[in-house]
Structure formats: structure tokens, C-alpha cells
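The values are calculated or read from the model by the stated rules, or taken from the named source; none is laboratory data. In this text the structure is predicted, and so the values were computed from the model without any measurement. Cβ sites come from the backbone with ideal geometry, for glycine too, and all protein chains shown count toward neighbours. Surface accessibility is based on the protein's heavy atoms, side chains included, excluding ligands, DNA and RNA. Shrake-Rupley method; radii C 1.70, N 1.55, O 1.52, S 1.80 Å.
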Amino acid sequence: MIQKIVLSIVLFCAVSIVAFFLLIKVIDFNEYKPKIQKAIKESTGYEIMIRGDITLSLSPVGVSLSDIEVANPSYRSDVSFAKLGSFDVALDIAALLKKEIKIKYLVIDNLSLSIEKNKEGKLNYLLPPVTKEVTHKNSSAKSKKVEEIEAEEDALFINVNKVKFTHASMTYTDLSDNAKMVFENIDVEMNDIHFDPSKHSLNGLVFLSQMHIDKISYDRYVFNDVSMSMEMKDAVGVSENLKYTLFETLFQGSGKFDFSGKQPKISLKHKIEGLKLAPFIKGMFQQDIAEGTAEGDLKLSFTAGDMLSFKTTLNGYVNLFAKNITLKGYDLDQIAPLVDTHASKNLGNILNSSLNGVQGGKTTVQEMSMRVDVGYSEVQLSDVAFSTAKNRVALKGKINIVEEKFVDLKAALLNAKGCSVFEQKISGTFAKPKVKMDESNAKILTNVALSFFTKNDKSTADSNCTVFYEGVIAQPVPLKEDTKLE
């Protein structure tokens, strides 16, 4: 008797499951697309177009949608700012039995975002503000505040165990300054997702994530193979293993991403190993003037947004040190012997012709230091100098990174005490630097440079000279004439 009852229950369950499965297969859910699109527009304000099919599955229990477009009718309803290749949701069966909606995982594939900011500063995905007010049936005096309703909606949305984006891309265009930032092939997986409804918006969101982006390009800067794991809490994401390739060099370190304000704030702290100077200097200053590698570290923070926001908020420092590198353009150690101080009274012309004779040469640098401090629009040259086999040169001044020009920048040839025996001002822009050479400077440079190559080396600075440089680069020790290399 008991066996028959158990068998009957099993058969009933089996028949019910089969019947439910057949019912799902028979129903064409695509007929409900207009109602779904209308409901989404009424609840969110966005125009949703589901061009693909809507299908349900039993293993896992869930729904799948394909070929979706999202538009903002308040900006341009005829142009979509988001396109989704597919949108898959798997539901928790145990929660469904309790009449609760709990999502096991959500997968979005081939998401393409096109974010645009017009000349008036409006973003194409933002809807105009809407005041929400809901009155309870049993009390006309009580109403829910907008913040309470939004917290409930956020809590419902964040009731997800896992979210995954695959093969996503994003383009951000600022029409006010024709700037564009492009993110290519983004893969993100978010786990351990929790939401505290008592906190507003992102402040209540907690999760762990893994991210990889093939390429981020902005202006002339290109970041490749960006990867990191991140912990998000109180609208701040922290990553201790941020990696990316910039200027053909691998950067590794930590990053902090603060989303609590109107614009994200990013902080980076890296050790720099094997920085390739040629692509680095060419990328930063648009000049091909050096070859070799450098080591060092950096600590920088800035506000993400357009290029102006980045440059005006950038602050921190970059510290680099290099040995045995090459400077292109002139052989500094060969200029002095070419100058004949008795050939003519016009030393400027002689020096210029001498420079033309060695132009296109190279200078072998024994040591180079580049310590710069960045403070909102300007880069201060704190310790920038290099030494060759016979000379030492230092630079002082500032660089305006907003206008990309040199400010009070001086290059000096130094004596053993660090005093300037010759100074030259550099002005102009990164693309077109200007170096002014007058008669007095040419004469000083000629006399001082010759002193480095004569047998009797005499210092041109007196004992009370003003020290120009006190950094880490030491004065090179000249080889004696009778020194022989074996």
C-alpha cells in the first residue's frame, strides 16, 4: 500500500514536470515582447528594443534574451547608447518556492556602450530627474521618500550572486573638446555580491571582481592588457595587483578607485622596472631623443574624465634612475674641441657651425636621474640631471602639462661644486621647443667647455658661487692623459 502511494506521488511529480516543460515549449514568449518593452519603459524611462528571441530554460531555471538595444528618449530615441548581444539570467529554485526572486548568476555578452557628452555637458544615458512619491492605502498622511524607493529598487537589483560581462566594449566621446576614450574587449566577473539598503547607491555595494581589458586608448596614450582583481566597498575599489602595458613597458602595482563623488578619483602606486625610454619620452613629449631603460617608482592620483580634468587634478611624483643610456641629437663631449676661440670674434656663428658638424650624433650618458613632482597642472623638475664621461648637466624649472609648454626651464653645465658655469633657457611647447643662443652664452660655453678638454683643468667658478644642483648625480672624474685602457 505504501509503495503504491509513493509510486503514485513520484509519477504525479514526473508527469507535472513533463507537462510544465511541454507548456514552456508550447508558449511563444516573443508575443509578450511589446508588453515587456512597455513595462520596462514605464518603470525605467528607457526605450528597450528586443530584436532577438526570448527563451526560457529549466536547467538552470532562467530566461535568455538576445539582440537588445537601449535608447534614451530624452536625448535621442533614434540612436541606441547600449547594445547587448545576449542577456542570460539563472534563477534560484529554492528562492522561487518561497516566492522570492533571487538570481544565481547574470551573464551579459557582447555589451557595446557608446557614452556621449554633448557640448552642453549632458550625457546621453542620463534621464531627466523624476520625483517619485507613493502613498500608502491605509494612510493618506504617510508617503515614501524617493530615497527609500530607490533603496528598495537597488536592493532588488543587487539580489544577485554572480554577474559576468564577456566581450564588452565602451566608447566615451566628449563633443566639447572632441576627446574620445575607447575600451576594447572587456571581461568582468563579479562575485560575493552584497548590498546594504541603508546606504545610498554604490556606498552599499560590496563585491569581489576579476577584470581584463585588452586595450584602453585615449588621445596618444594606449594601455594594453589591463588586468586586476578588485574589492569594492563603500564606493571605493582597491586592487593590489594592477597590471598594464604602457609605452611598451609593463607596469605593476596597486590602484584605488573612488566612485563616491561625481567623477571617479584614481590613485596609483607602482614600482617601475625596465622602462623603455624611447617610447616613453616620445609618448609624453613627442620627441625622439633617448634610448635605454630606467628603473624607479611612481605615486600619482587624478580625477578621471576628460583630458583637462586629468591634467588639472594630477598630483604625486615620478622617480626614475638610469645608467648607460643614449641621448640623440648631439655628441656633447665632442662639441668643445670643434670650437676655435681665436678664429673669429663672432663666437656665436662658430659655435653654431660646430653644432651643425656634430648634429645627428649621440651622447653616452653614464647616469641619469629624473625626479619630478606633479602638482595640479605643473610638473616641477626636482632632481633632473645626467653625467657623461666628462660633463654633468642639470635641468631646473617647471612644465605646464595643460598647455604643454616649458615654464622657466633652464639647462646648466655644472662644475665640481654643482655651480652653473653655463645656463641656457628653454621655452616653447613640447612639439616646438625653443633654445635661444646669444653671443655671451656662446662665449661662456666655449671657454668652459674647452676647459674640460685642456690639460690644465681650471675651474671657472669662484669659491662663493651659487649652487645650481645638489642632486644624486655626481661630477664625473676625468681620466688622466697617461691613463691607458688595457
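Can you find even one residue in region 77-87 that is out of contact with any Cys (no Cβ under 8 Å at 6 or more places or on another chain), aliphatic (A, V, I, L, M) and in a loop (DSSP other than H, G, I, E, B)?
No, because not a single residue in region 77-87 is out of contact with any Cys (no Cβ under 8 Å at 6 or more places or on another chain), aliphatic (A, V, I, L, M) and in a loop (DSSP other than H, G, I, E, B).
Checking the structure you have, find out if any residue of region 257-279 is open to solvent by 60 Å² or more (accessible area, probe 1.4 Å) and free of Cβ contacts under 8 Å to residues at least 24 places away in the same chain.
yes
What residue, among those in region 170-199 that are farther than 14 Å from K233 by Cβ and charged (D, E, K, R), is most open to solvent (accessible area, probe 1.4 Å)?
Only one residue tops the list, namely K180.
Cβ-Cβ below 6 Å, separation at least six or inter-chain, first residue in region 460-485 and open to solvent by 60 Å² or more (accessible area, probe 1.4 Å), second at pLDDT 50 or above and in a loop (DSSP other than H, G, I, E, B): which pairs?
V467/G418; E470/G418; P478/K390
Which one of these does A290 not meet: (1) open to solvent by less than 30 Å² (accessible area, probe 1.4 Å); (2) modelled with pLDDT of 90 or more; (3) over 24 Å from D187 (Cα atoms); (4) in contact with a Leu (Cβ under 6 Å, 6 or more places away or on another chain)?
(2)
Which residues, taken from region 26-60, are exposed (fewer than 11 other Cβ atoms within 10 Å of the Cβ), at pLDDT below 75 and not small (G, A, S)?
Within region 26-60, V26, D28 qualify.
Would you pick out the residues in region 392-439 that are open to solvent by less than 20 Å² (accessible area, probe 1.4 Å) and touching a residue at least 60 places away in the same chain (Cβ under 8 Å)?
Within region 392-439, R392, A394, L414, N415, F430 qualify.
Got a sec? Which of T245, T249 is farther than 20 Å from T166 by Cβ, in contact with an Asp or Glu (Cβ under 7 Å, 6 or more places away or on another chain) and of a type in the set (V, I, T)?
Unique residue meeting the criteria: T245.
Exactly one of these conditions fails for E248: (1) at pLDDT below 85; (2) touching a Pro at 6+ places or on another chain (Cβ under 9 Å); (3) open to solvent by 40 Å² or more (accessible area, probe 1.4 Å). Give me its number.
(1)
Taking only region 148-169 into account, find how many residues are touching a Phe, Trp or Tyr at 6+ places or on another chain (Cβ under 9 Å), at pLDDT below 80 and open to solvent by 40 Å² or more (accessible area, probe 1.4 Å).
3
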